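**Q** Okay, here's the structure, questions in a sec.
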Amino acid sequence: MRPLIAGNWKMHGNLREAVRLAEGLREGVDGVDLLVCPPFVHLHPVAVVALGSRVAVGAQDCHAAGKGAHTGDVSAAMVRDTGATHVILGHSERRQNHAETDASVMAKTEAALAAGLIPVVCVGETEAERLAGRAEAVVTEQLAGSIPYGFITAGGIVAYEPVWAIGTGRTPTEEEVAAIHATMRHALVESFGPAARTTRLLYGGSVKPGNAAGIFALEHVDGALVGGASLVAADFLAIARAVPE
Ligand code: PEP
């Protein structure tokens, strides 16, 4: 499976910096797909820079409704209209800061699929849940609650992002990552059939050039969702180059 390295730019940078960062990635990395997810307002200019390159562009969220009185929100069709092809959904910062639930992530994922976007659905346990030995149960529950019918065949992507590893510099052990990814693969194949063997499963949480190769070597890890290190073109490309040939 062709690996995907996705960058979540969160709420960082101004327009000039976003365009410059995208320009720095245009060359791409052989054998790897790149995806960058800028804030809504930078989607179109970044999509213009990325046009004709090996870099795809995605949003960090979308609304579940097609249109309506939703001040400040952006529909999946609007995201598609910018030239973006992907959308991150259910990131733990959205689940925590905007009270998103599995059900709302499911509804947004359905809207994204209907608009022709490829969803990147995030799941992951909190530190308390891991310490309580519930990491695999939590992730399995989140998958069951947020992945709709049609996701697998549309090329939907899942990102395992342990909440306690995001932006902290801490990561699970390689054995812990491998165990969750094997659990996710099993759960998806059980629910959606053998097509789910080709669903990309990304790991996210403090991925850096220095730890990427070990993570990418693990079975059922098909790439990464990168936050902080995606804001520096050289680091993001170094992570992509760490994918084994
Ligand atoms: C993220 O927010 O999706 C993420 C993985 O962040 P970081 O790489 O900074 O931990």
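The values are calculated or read from the model by the stated rules, or taken from the named source; none is laboratory data. It should be emphasised that the depicted structure is a prediction, and the values quoted were computed from it without experimental measurement. Because the Cβ atoms are built from the backbone with ideal geometry, glycine has one as well, and the counts that use them run over all protein chains shown.
**Q** Kindly indicate which of ALA69, ALA47, ALA103, ALA56 is in a loop (DSSP other than H, G, I, E, B), more than 16 Å from the ligand (Cβ to nearest atom) and among the aliphatic types (A, V, I, L, M).
**A** So the residue among ALA69, ALA47, ALA103, ALA56 that is in a loop (DSSP other than H, G, I, E, B), more than 16 Å from the ligand (Cβ to nearest atom) and among the aliphatic types (A, V, I, L, M) is ALA69.
**Q** Do we have GLY58 as touching a helix residue (DSSP H, G or I) at 6+ places or on another chain (Cβ under 9 Å) and surrounded by 22 or more Cβ atoms within 10 Å (Cβ to Cβ) here?
**A** For GLY58, the condition - touching a helix residue (DSSP H, G or I) at 6+ places or on another chain (Cβ under 9 Å) and surrounded by 22 or more Cβ atoms within 10 Å (Cβ to Cβ) - is met.
**Q** Report the residue count in the stretch 60-82 for those that are touching a Ser or Thr at 6+ places or on another chain (Cβ under 8 Å) and within 16 Å of VAL120 (Cα to Cα).
**A** Result for the stretch 60-82: 3.
**Q** If you don't mind, another one. Based on this model, can you work out whether GLY145 counts as within 28 Å of VAL48 (Cα to Cα) and not hydrophobic (A, V, I, L, M, F, W, C)?
**A** Criteria not met by GLY145.
**Q** Would you please list the contacts, defined by Cβ atoms under 7 Å and residues six or more apart or on different chains, that run from a residue in the stretch 167-178 that is of a type outside the set (D, E, K, R) and surrounded by 18 or more Cβ atoms within 10 Å (Cβ to Cβ) to a residue that is modelled with pLDDT of 95 or more and outside any loop (DSSP other than H, G, I, E, B)?
**A** Final answer for the pair search is THR171/ALA165; THR171/ASN211; PRO172/ALA165; VAL177/TYR203; VAL177/ILE215.
**Q** Can you name every one of the helices (runs of 4 or more DSSP H) wholly within the stretch 151-245 that holds 2 or more residues which are among the aliphatic types (A, V, I, L, M), closer than 27 Å to HIS12 by Cβ and within 14 Å of the ligand (Cβ to nearest atom)?
**A** So the answer is 209-216, 233-241.
**Q** Exactly one condition in (1) out of contact with any helix residue (DSSP H, G or I) (no Cβ under 7 Å at 6 or more places or on another chain); (2) of a type in the set (Ser, Thr, Tyr); (3) on the phi > 0 side of the Ramachandran plot is false for SER206; which is it?
**A** Among (1) out of contact with any helix residue (DSSP H, G or I) (no Cβ under 7 Å at 6 or more places or on another chain); (2) of a type in the set (Ser, Thr, Tyr); (3) on the phi > 0 side of the Ramachandran plot, SER206 violates only (1).
Conditions tested, residue by residue: (1) β-branched (Val, Ile, Thr); (2) closer than 24 Å to ASP102 by Cβ.
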{"site": "SER146", "(1), (2)": "no, yes"}
{"site": "PHE151", "(1), (2)": "no, yes"}
{"site": "ALA154", "(1), (2)": "no, yes"}
{"site": "THR171", "(1), (2)": "yes, no"}
{"site": "ARG197", "(1), (2)": "no, yes"}
{"site": "SER206", "(1), (2)": "no, no"}
{"site": "ALA224", "(1), (2)": "no, yes"}
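**Q** Return the total of residues in the stretch 106-137 being in contact with a Leu (Cβ under 7 Å, 6 or more places away or on another chain), more than 16 Å from the ligand (Cβ to nearest atom) and touching a residue at least 60 places away in the same chain (Cβ under 8 Å).
**A** Residues meeting the conditions: 0.
**Q** Then there is this: From VAL105, VAL121, grab the single residue that is in contact with a strand residue (DSSP E or B) (Cβ under 6 Å, 6 or more places away or on another chain), surrounded by 13 or more Cβ atoms within 10 Å (Cβ to Cβ) and under 20 Å from GLY167 (Cα atoms).
**A** Among VAL105, VAL121, only VAL121 is in contact with a strand residue (DSSP E or B) (Cβ under 6 Å, 6 or more places away or on another chain), surrounded by 13 or more Cβ atoms within 10 Å (Cβ to Cβ) and under 20 Å from GLY167 (Cα atoms).
**Q** Considering only residues of the stretch 138-150 that are part of a helix (DSSP H, G or I) and among the aliphatic types (A, V, I, L, M), which is nearest to the ligand (Cβ to nearest atom)?
**A** The residue in question is VAL139.
**Q** Is at least one residue of the stretch 79-95 within 17 Å of GLY150 (Cβ to Cβ) and either in a helix (DSSP H, G or I) or over 16 Å from the mean Cα position of the chain (by Cα) (or both)?
**A** Yes, some residue in the stretch 79-95 is within 17 Å of GLY150 (Cβ to Cβ) and either in a helix (DSSP H, G or I) or over 16 Å from the mean Cα position of the chain (by Cα) (or both).
**Q** Just a yes or no: is a residue in the stretch 131-139 surrounded by 14 or more Cβ atoms within 10 Å (Cβ to Cβ) and touching a Phe, Trp or Tyr at 6+ places or on another chain (Cβ under 7 Å)?
**A** Yes, the stretch 131-139 has at least one match.
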